[in-house]
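Asks: Sharing a structure below in structure tokens format, with a few things to ask.
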Amino acid sequence: MLNLSRMPLRWRLTLLITLVCTLTLGGAFGAYFALEILRLQDDVTKNSRDFASQLSVTVADFLDNGAEPSKEDWRIWITSNESIVAVAVYSPDGKKIVSSYIRPGSGAALGSLKAALLSVNFSTDEAIIPIRLFGRDGARLGTMVVTARATAEARDTLMEPLRAMGILFLLSVLGSLAVSRFLQRGISDPITKLAHIARRVANEGDYTVRAEIKGGGETAVLVDAFNSMLTTIQQRDAELVVAKNNAEKARERLAEINAMLEEANRTLEAKVAERTVELHKAMTAARDANQAKSSFLAKMSHELRTPMNAIIGYAEMLIEDASDRGDNGAIADLRKILSAARHLLGLINDVLDLSKIEAGKMDLYLESFDVCTFVHDVIPTAQPLIDRNKNQLKVDCPENFGTMRADATKLRQILLNLLSNASKFTEEGVVSLDVSRDQTGPREMIVMQVRDSGIGMTTEQMGRLFQVFSQADKSTSAKFGGTGLGLAISRQFARLMGGDITVASKMGEGSVFTIRIPSEVAPVKAGDGEKAAEAAEESVKPAAAAAAPAPNPPPRRGRVLVIDQDEAVNAKLQELLGREGYQVAIAHNAEEAVARARETNPHVVILDILMPGADGGNLLLQLKTHPLLANLPFVMLTVNEQAHRGLTFGASDYLSKPIDGAALSAIMAKYKTRRASC
């Protein structure tokens, strides 16, 4: 097989030129011959169609008379036209030949009816002509297919130019071969010399040689480019030698640097290990300090809350006494003391809550409750805050809203805080509370929106809103008061229950706070650390406060048994209940409580859930087993976060510290204590 890749360039150029010339001439001659054949076939068709039409009339007369043409009839009819070589008459349905004739010695075949009707003919000198035959009455008699062929004279006329074209084709090929051999020397010789120099450069590495340039054109450009390339390579080679020397020096310097880095790495590892030990010690110290802070806050909050409860209680009683005496000047001063004491107690409670949250010791006391009932229970507590600035409260909570399972005390604290803030920053406006369900996410959420028409906030102020000990603005704190802990604690409570609190506001147009809490809050247990903290908190028994002598009570309305070790709390309850007409008995432990119950036959029992050295919950269970106390309503004295503990032990209700006289009266009226006989 011919291998073109090994053939010299001059022969390849000669072969290319000759091949192009051959293909061009061959294509031209072939096209001419094809056109002549088509012309010949068209002439045969035109010359035979008129004769075939006349012949169809004669054949139709035969068929119309019920006769079929014989071979002799056909011979007589087509003798005058030598181009007709075969005739066939097909039945009307085209399935059989009624009559046919083939000219002797022609070697023709009968024309196909299908090919005739489809005008399909692959012969070069034949034409197939279909003609439909009809009778005198217009009925179809069949189809006549006439096969016509070019005469010998016409074929000779077609072949005569081919001889001349063949000779012309041969001469053209020989001429192109000779011309290409002459012209290719100007291309191949310079390229051959250029290849020789390239092999010399490749084998010997001598970049000083140059190729000679003769003549012009693209070959001269190629040679000039090759010489320029050699010049560039020669320069690069010199630069490479210099770079190689520099690289060798750099390699030596790099080895020195690597040695220095290895030494630095060894030193760095030792420093990192040392810093890691120091960091671990610092983390341990910070954790211990945080635990110490939490323990300190828990203890100090109790130490502070106990006297504050006493101050609040005695201030309320002094206000009542001053009111009875008509001493308005003392009432104003006592109310300032009461307001300051309540503010300080609220701050202490907030700090304790924040400390428990940060220490991870805040528990959730989950219960199922009706949402609408819960909301309507919160409204009476929030209404005085709403009325203070002459605002209007609107509540939207459908009666058949349904239930949720969450920490009701913490949710109540969140809602009261938001309603308090809304009423604080709104004057003579509208505060609304809307409750709805959101089922679009993976969990169903209870959504509570507190909307106000107050002063609103800027974007910068909203960014500081939930920070501890921070308010929206210094001017806001100066005008409206507050410590900046309420919203921070509320958000922490919401997040502890798997929800969150968000805010949207515009300056001068009010604010919207949105609470989102799961309808089924997952249980979260802070751990046994809280119990230890509470034990430490309650381990120090406060100093007993001197009980003020109670005034002569009005007619008695019932008997109440108070069980608490805090004398200040006992004195306040005795004072408040005594004024309401109740007989009060005091007990400090379970044995004393049973003894007092036998003596007084109480109608209601008030028990502190947190007493130093005792657990109010266990004490409640113990007292519930005694026949004298089993069926009595128990009211637990507690702080907000402990309310559910009393309810889970079987308490009927709870009363938050510091004790509010109105709340105490409402609870006593709720259980309808009967009047005792005098």
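Asks: Among Met283, Met165, rank each residue by its count of other Cβ atoms within 10 Å, from fewest to most, as a rough exposure measure. Provide the component values of the computation, followed by the final result.
Replies: Values: Met283 10, Met165 15.
Ordered from fewest to most neighbouring Cβ atoms within 10 Å, Met283, Met165 come out as Met283, Met165.
Asks: Could you compute the FRET efficiency for Lys336 and Ser656, with r as their C-beta to C-beta distance and R0 at 25 Å, rounded to 0.05?
Replies: According to the calculation, E is roughly 0.65.
Asks: Something else now. What nm value, rounded to one decimal, do you get for the distance between Thr381 and Arg163 when each label is placed 7 Å out toward the C-beta?
Replies: Output for this residue pair reads 12.9 nm.
Asks: If you don't mind, another one. Which whole-number percent is the relative contact order of the stretch 367-524 (Cα, under 8 Å, 6+ apart)?
Replies: Taking the mean separation of contacting Cα pairs over the length of the stretch 367-524, I get 24 percent.
Asks: Count the net charge of all other residues whose Cβ sits under 13 Å from the Cβ of Trp74, scoring Lys and Arg as +1 and Asp and Glu as -1.
Replies: 0
Asks: Between the stretch 420-472 and the stretch 217-254, what is the separation of their alpha carbon centroids in Å?
Replies: So the two Cα centres are separated by 77 Å.
Asks: Which order do Ser652, Ser53, Ser83 fall in if you start with the one that has the fewest other Cβ atoms within 10 Å?
Replies: Result, fewest neighbours first: Ser53, Ser652, Ser83.
Asks: Could you calculate the contour length gain from Val395 to Ala663, that is, 0.36 nm times the residue separation minus the distance between their Cα atoms, to one decimal place in nm?
Replies: Here the answer is 94.2 nm.
Asks: Further question on the same structure: Could you pull out every residue, at least 5 positions away or on a different chain, whose amide H is within less than 5 Å of the one on Tyr90? Hs are placed 1.01 Å off N in the peptide plane, and Pro or chain starts have none.
Replies: So Tyr90 has HN proximity to Val98, Thr143, Met144, Val145.
Asks: What does the charge count around Tyr314 come to, taking other residues whose C-beta lies under 9 Å from its C-beta (Lys +1, Arg +1, Asp -1, Glu -1)?
Replies: -1
Asks: Give, in nm to one decimal, the length gained when the segment between Tyr32 and Gln467 is fully stretched (0.36 nm per residue of separation minus the Cα-Cα distance).
Replies: Contour length minus Cα-Cα distance gives 146.8 nm.
Asks: Next up: How much length is gained on full extension from Ala522 to Asn245, taking 0.36 nm per residue of separation minus their Cα-Cα distance?
Replies: Full extension from Ala522 to Asn245 adds 92.3 nm.
Asks: Separation between the Leu628 and Met507 pseudo-spin-labels, each 7 Å from Cα along Cα→Cβ, expressed in nm?
Replies: Once both label points are built, they end up 6.9 nm from each other.
Asks: For each of Ser490, Ser106, count neighbouring Cβ atoms within 10 Å of the residue's Cβ, then give the residues from fewest to most.
Replies: On the way: Ser490 24, Ser106 13.
Arranged by neighbour count, lowest to highest, Ser490, Ser106 become Ser106, Ser490.
Asks: Could you tell me the calculated FRET efficiency between Met229 and Ala178, based on Cβ-Cβ distance and R0 = 35 angstrom, to the nearest 0.05?
Replies: Efficiency, rounded to the nearest 0.05: 0.45.
Asks: Modelling each spin label as a point 7 Å along the Cα-to-Cβ direction, I'd like the Arg199/Arg287 distance in nm, to one decimal.
Replies: Each label point is offset 7 Å from its Cα along the Cβ direction, giving 8.3 nm.
Asks: OK, next. Can you list the residues, at least 5 places off or on another chain, whose amide H is less than 5 Å from the amide H of Val431, using H built in the peptide plane?
Replies: Placed amide hydrogens put Gln392, Leu393, Lys394 under 5 Å from Val431.
Each value in this text was obtained by applying a stated rule to the coordinates, not by laboratory testing. Values in this document were obtained by computation on a predicted structure and should not be read as measured data. Because the Cβ atoms are built from the backbone with ideal geometry, glycine has one as well, and the counts that use them run over all protein chains shown.
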